[in-house]
Amino acid sequence: WADQHDNEKSRSALQTRPPYARDHVMGVFATRAEYRPNPIGLTTCKLLAVDEANGILRLGDIDALDGTPVLDLKAYFPVCDRVRKAHIPDWLSDWPKWLPDEGLGL
């Protein structure tokens, strides 16, 4: 979805008010805003299938729209990719601690 917002106005936005916290101004890199100086998203996903002949990846539910270009894949290594004690602001304390195993169903 971020790639669909690649224009000068979107690339110049550095702050936003996220829909879940309208009273907070945040930097776009601290959010999942679709507009950003570099229209590249980052998400964790499950690789379900690879169609190498056609260059198609089938992924589990991710934070992107169907057809969004995938630029890179990296293996998930908990020792490198997990934060032991992440700081969560009080205004997000009611959010779940983990994504459900079945994904978000986006």
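Readers should treat all values here as calculations from the given coordinates under stated rules, not as data from a laboratory. Because the structure is a prediction, the values reported are computed rather than measured. So basically every Cβ, Gly included, is an ideal-geometry build from the backbone, and we count neighbours across all protein chains shown.
As a rough guide to protection, the peptides 20-29, 49-58, 75-84, 33-42 ranked by mean Cβ packing within 10 Å, highest first, stand as 33-42, 20-29, 49-58, 75-84. Based on Cα atoms of the stretch 2-68, Rg over Rh with Rh as the Kirkwood radius reads 1.07. Listed by chain and number, the lysines placed with their C-alpha closer than 26 angstrom to that of residue 97 are 46, 74, 85; residues fewer than eight positions away on the same chain are left out.
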